[in-house]
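Structure, as structure tokens:
Values in this text are rule-based calculations from the coordinates and carry no lab data. Everything quoted here is computed from the prediction, not taken from an experiment. Glycine also receives a Cβ, built like all others from the backbone with ideal geometry; neighbour counts cover every protein chain displayed.
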Amino acid sequence: IIQYFDGDSTSGNSSDVGDLTQSKSFGGGMSGITYSFHCGGLTSCFLPNQLINMSNGTYKKISDIELSDKVLVWDVGNKKVVKNIVNEIHTKLHDDVYELHLENGKILKPTGNHPFLTKNKDWTTIDGHNPNHAGGNGYLKVGDYVKDIKDGWVRINKIETMEGEYLTYNFIDM
């Protein structure tokens, strides 16, 4: 999942399932794939052209997202997609960026420590960060299935290292 929400940490009205835009604090961060994968914390990020699921059904490049935009996120506690507001955006240079090629044709470009919800291993990262920013551990590998908020479980066909240093984007305080 690129965007996720840990439903247990909200200070908002948790009965407002389906639209968490009135809540103010989300300690779990965000994850979700367009592309839906984890996007919270200060160090797990995506490249500027990564598409993000907007709450109105459209997609936007992560670099075009603005504060107060509403995005779709995965609510970990309730295991469903919900709406949430972007409260803070962080950018950082990274030299540990990868391409994940998925069986549905999508190509994601996350940092090595970006957590992905996998079918049989919970939250994992390419670099095996332990514990990772979503509280899991383990390595994300070719053949694993990751959760896409639009397509369900999608197989990883290839993981490639991208050489160089890249500006990355991340959402904070979801």
Worksheet item: For the stretch 102-113, in order, what is each residue's ³J(HN,Hα) by Karplus, 6.51 cos²θ - 1.76 cosθ + 1.60 with θ = phi - 60°, in whole Hz (x at glycine and Pro)?
Response: 9, 5, 8, x, 6, 10, 9, 10, x, 6, x, 9
Worksheet item: Roughly how many nanometres apart are two label points built 7 Å out from the Cα toward the Cβ at GLU99 and ASN130?
Response: 3.0 nm
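Just list whichever of LYS70/LYS150; LYS61/LYS150; LYS61/LYS119 have alpha carbons separated by over 23 Å in the model shown.
Table pairs above 23 Å Cα-Cα are LYS61/LYS119.
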Response to the item:
Quick P(r) readout (the stretch 81-143; Cα-Cα; 5 Å bins; whole %) gives 4, 16, 21, 23, 22, 13, 2
